[in-house]
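What follows is a single structure, written as structure tokens, with notes after it.
The values are calculated or read from the model by the stated rules, or taken from the named source; none is laboratory data. Just so we're clear, the structure is a prediction, and the values are computed from it rather than from any experiment. Positions of Cβ are backbone-derived with ideal geometry, glycine not excepted, and every protein chain shown enters the neighbour counts.
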Amino acid sequence: MNWSKDALFSKAKIYFEKAETEDKDSVFFGIYCALGMELVARAALAYISPTLLAEPDNDHKNLLYALELKDANGKPKSIMTNKVIALCGELIPHFDVDLQKVATSMTIRRNEDLHTGGGGFAEYNIDNWQADFYKSCQVLSESMGESLDTLFGKEIAQMATEIIQQDSEKVKKAVLDNISARKKTYNEDLRNSPDEVAKTIEQSMKTIAEKTHRGYHRVKCPCCGNDALIYGKEPMYGREAIENEDVVIRKDITASHFHCDVCKLHLSSYAELKSAELPLHYTNTYYISPTEYFDIDIDALMEAYPYEEYSND
């Protein structure tokens, strides 16, 4: 058993070479691509530390194996693929929510093909996943000092780069067309029903004020110019520090959604937000008292250690 970055990356290349021998519409092309991408993701984690691949266990046998302090006789167990994808999302900055979704979808369909009588990739058109698949491989490879060239070879890498670029341009065109259509509708509403628009803006401001205290972030709408919100999945952990008398936790969010209650513009992916030139990252900051952070029961503490008054008499 080998959890090294080089071994995992080399094995991924073998699966991708096998995929290229299959027809693009074949289920086997999808299966081999899914298997290869999982290995690239595992390699990316191993590059940070092979310990990230160890399935937690009470005796730390898997962790000790990852640290090369125990041999493989005990059959060390690595984490499931869904955990691999989640950890890549936490630790690799550009492995955003969109890429995590396609990786998860490909894993589910691979499992359906390999473990059931169904055909996951038979029903999953390549046009729906190929661009994001190549983008995922690009981001994961670059995170460990590799590239599409070293993963696929120059010819396939060039084709993959072109597909990524074309998909980006397609998404940007769709977003700009959407903004243009929404702006036209908003301007008509503004001319025909200014009072109704004013009420909508007022209600929107109340909603925004409430939601900015619940993890959302205020931005200007690229369509109507009013205040709107972006939001994304908050990571489990953040940067912690002691400031004054509080424990301060800062969590960096990668935005994946945008919504404007006024003009009804809605964007639902990192790529769409980027095309609209909206902020892609923001930070949520939490101030927590030490008693709450460390779950200290003051009353119980006072009972256990009652105050005694001392004097010099």
Regarding the stretch 68-77, can at least one residue be identified that is hydrophobic (A, V, I, L, M, F, W, C) and at pLDDT 90 or above? no
Considering (1) assigned to a helix (DSSP H, G or I); (2) outside the structural domain of Gln100 (by TED's automatic domain parsing); (3) crowded, with 17+ Cβ neighbours inside 10 Å; (4) under 23 Å from the mean Cα position of the chain (by Cα), say which one Val219 fails and leave the rest. (1)
Give the residue that is modelled with the highest pLDDT, with candidates limited to residues of the stretch 222-235 that are in contact with a strand residue (DSSP E or B) (Cβ under 6 Å, 6 or more places away or on another chain) and not in a strand (DSSP E or B). Gly232
Checking the structure you have, find out if any residue of the stretch 298-305 is more than 18 Å from Lys170 (Cα to Cα), free of Cβ contacts under 8 Å to residues at least 12 places away in the same chain and assigned to a loop (DSSP other than H, G, I, E, B). yes
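Report whether or not Lys211 is assigned by TED's automatic domain parsing to the domain that holds Cys263 and surrounded by 13 or more Cβ atoms within 10 Å (Cβ to Cβ).
Yes: the conditions hold for Lys211.
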Looking at the structure I just gave you, is Thr200 hydroxyl-bearing (Ser, Thr, Tyr) and more than 23 Å from the chain's Cα centre (by Cα)? yes
Out of the residues in the stretch 236-267 that are assigned to a loop (DSSP other than H, G, I, E, B), at pLDDT below 90 and in contact with a strand residue (DSSP E or B) (Cβ under 6 Å, 6 or more places away or on another chain), state the one that is surrounded by the fewest Cβ atoms within 10 Å (Cβ to Cβ). Gly238
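Please enumerate the residues belonging to the stretch 1-18 that are among the polar types (S, T, N, Q) and either closer than 19 Å to Gly145 by Cα or under 25 Å from the mean Cα position of the chain (by Cα) (or both).
Filtering the stretch 1-18 down to residues among the polar types (S, T, N, Q) leaves 2, 4, 10.
Scanning the stretch 1-18 gives Ser4, Ser10.
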Specify the residue that is modelled with the highest pLDDT; the eligible residues are those in the stretch 121-144 that are under 22 Å from Ala44 (Cα atoms) and assigned to a loop (DSSP other than H, G, I, E, B). Met144
Residues of the stretch 251-286 satisfying the condition of being farther than 23 Å from Ile201 by Cα and hydroxyl-bearing (Ser, Thr, Tyr): Thr254, Ser256, Ser269, Tyr270, Ser275, Tyr282, Thr283, Thr285, Tyr286
Among the residues that make up the stretch 40-49, is at least one of them of a type in the set (S, T, N, Q), surrounded by fewer than 20 Cβ atoms within 10 Å (Cβ to Cβ) and closer than 30 Å to Asp132 by Cα? yes
Given (1) without any contact (Cβ under 8 Å) to a residue 60 or more places away in the chain; (2) under 21 Å from Lys220 (Cβ atoms), identify the lone condition not met by Lys154. (2)
Take the conditions in contact with a strand residue (DSSP E or B) (Cβ under 8 Å, 6 or more places away or on another chain) and charged (D, E, K, R) and apply them to Arg42. Does it pass? yes
Scan the stretch 268-296 residue by residue and report those that are part of a strand (DSSP E or B) and closer than 17 Å to Lys233 by Cα. His281, Tyr282, Thr283, Asn284, Thr285, Tyr286
Within the stretch 195-210, tally of residues that are over 12 Å from Cys260 (Cα atoms) and either in contact with a Leu (Cβ under 6 Å, 6 or more places away or on another chain) or of a type in the set (Val, Ile, Thr) (or both): 1
